[in-house]
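Read the structure below first, then the notes.
The values are calculated or read from the model by the stated rules, or taken from the named source; none is laboratory data. Source: prediction; values computed, not measured. All Cβ positions, glycine included, derive from the backbone under ideal geometry; neighbour counts span all protein chains shown. Areas reflect the complete protein model, heavy atoms only, side chains present, ligands, DNA and RNA absent. Shrake-Rupley method; radii C 1.70, N 1.55, O 1.52, S 1.80 Å.
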Amino acid sequence: MFSRKIYGVGETVYDILFRNGNPLKAVPGGSAFNALITLGRCGLSPVLSTFVGDDPIGRLTLDFMQRNGVDTGYAEIRKNSKSHLSLAFLNEVNDAEYVFYKDHASLSVELTLPAFLPGDYLLFGSFFAINPVIRPQMLRYLSAAVHAGATLYYDINFRPSHLKDLPAVKEHVLENIRLSSVVRGSMEDFHCLFGVDNDCPDRYALAADIYHRHLKGECPYLLVTDGARAVHVLTPVRHLVFEVAPISTVSTVGAGDNFNAGIVYFMSRQGITKADLVELSDEVWAQMVHTAQRFSACVCQSLDNYVNEKFVVTLRGRDATV
């Protein structure tokens, strides 16, 4: 019997959101953190491997995880360190430009390995997953999950602010892709990594080119997101396109993280592991992507980085009818 435990690994930050120069809200955040808070609120008891600062924000973050159903057994308070801050400046369409403030002395970390089992899920991504300072520990962590038979979901999430680091980390990105069961990347990610033409009007051809030229030989299951444009699913035997329903956004912070949460939530609830991906029908892929889109849309309509209680109640009602 598979345990189907959900793990995440990544940093925590404290997000402060601004509009027109004025602070709007401050909440704990981080790419894997946001996804796992959502999964915890959905009742899946995920486990986050992370570290927090030895300060009030760090303790607030750990308490927030516990109150939202996230196991903190692998979350470490780094002695004599400060929590990381992220300033998110929302523009006229509520997309964010980020400025990060980090205590670089705390970046060298030792990741304690969970006892991964076949059927478990591991969600990871962002610069944390390719940071040269912690790459040996990260690779050891990912390799342990692979060798145990876990299903790895990798969100590339490579921001333009890290372009200066690309020569040093690109091979780490490719290595993560090779280790993964499913990869998600945005068109912006692939523009930064591979120089693809993000202004190309034929998004179908662009997604196909990204897959066949750069990803197919590394990881056969790719999800491409494109802001408010359609989501593409590419596998060795299909290229599916799913339109994004128009919504009025309040903030897009956490939108991609919660898309990830929706994919992992669906896979976990349906018992889909990496061995099952080759057999998935178009209908199941559609259900999976639509679930992810609902998670993402919920977050875009608030200043929080995670789904709210109303969404969870509705989600449980949907699940009860399946």
Index of the failed condition, Leu123 passing every other in (1) surrounded by fewer than 17 Cβ atoms within 10 Å (Cβ to Cβ); (2) closer than 24 Å to Ala35 by Cα; (3) touching a helix residue (DSSP H, G or I) at 6+ places or on another chain (Cβ under 6 Å): (1)
Of the criteria (1) over 30 Å from His147 (Cβ atoms); (2) open to solvent by less than 20 Å² (accessible area, probe 1.4 Å); (3) without any contact (Cβ under 8 Å) to a residue 40 or more places away in the chain, which one Val27 fails: (3)
Qualifying position, being more than 24 Å from Leu123 (Cβ to Cβ) and at pLDDT below 95, among Pro201, Pro246: Pro246
Test: Ala261 is crowded, with 22+ Cβ neighbours inside 10 Å and in a helix (DSSP H, G or I): yes
Options Val307, Val289; residue that is assigned to a helix (DSSP H, G or I), under 18 Å from the mean Cα position of the chain (by Cα) and either aliphatic (A, V, I, L, M) or under 19 Å from Gly125 (Cβ atoms) (or both): Val289
Test for Val109: is it at pLDDT below 90 and in contact with a helix residue (DSSP H, G or I) (Cβ under 8 Å, 6 or more places away or on another chain): yes
Unique residue being at pLDDT below 95 and buried (at least 17 other Cβ atoms within 10 Å of the Cβ) when the list is Gly58, Gly53: Gly53
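Conditions tested, residue by residue: (1) part of a strand (DSSP E or B); (2) among the polar types (S, T, N, Q).
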position: Arg4; (1), (2): no, no
position: Tyr7; (1), (2): yes, no
position: Tyr14; (1), (2): yes, no
position: Ala26; (1), (2): yes, no
position: Asn34; (1), (2): no, yes
position: Val52; (1), (2): yes, no
position: Gly58; (1), (2): no, no
position: Asp63; (1), (2): no, no
Flag if Phe266 is buried (at least 21 other Cβ atoms within 10 Å of the Cβ) and either closer than 18 Å to Val183 by Cα or in contact (Cβ under 8 Å) with a residue 12 or more places away in the chain (or both): no
Considering residues of the range 67-102 that are of a type in the set (Val, Ile, Thr) and outside any loop (DSSP other than H, G, I, E, B) only, the residue nearest to Val47 (Cα to Cα): Ile77
Residue match in the range 185-196 (condition: in contact (Cβ under 8 Å) with a residue 60 or more places away in the chain, over 21 Å from Gly30 (Cα atoms), among the small types (Gly, Ala, Ser) and open to solvent by less than 70 Å² (accessible area, probe 1.4 Å)): no
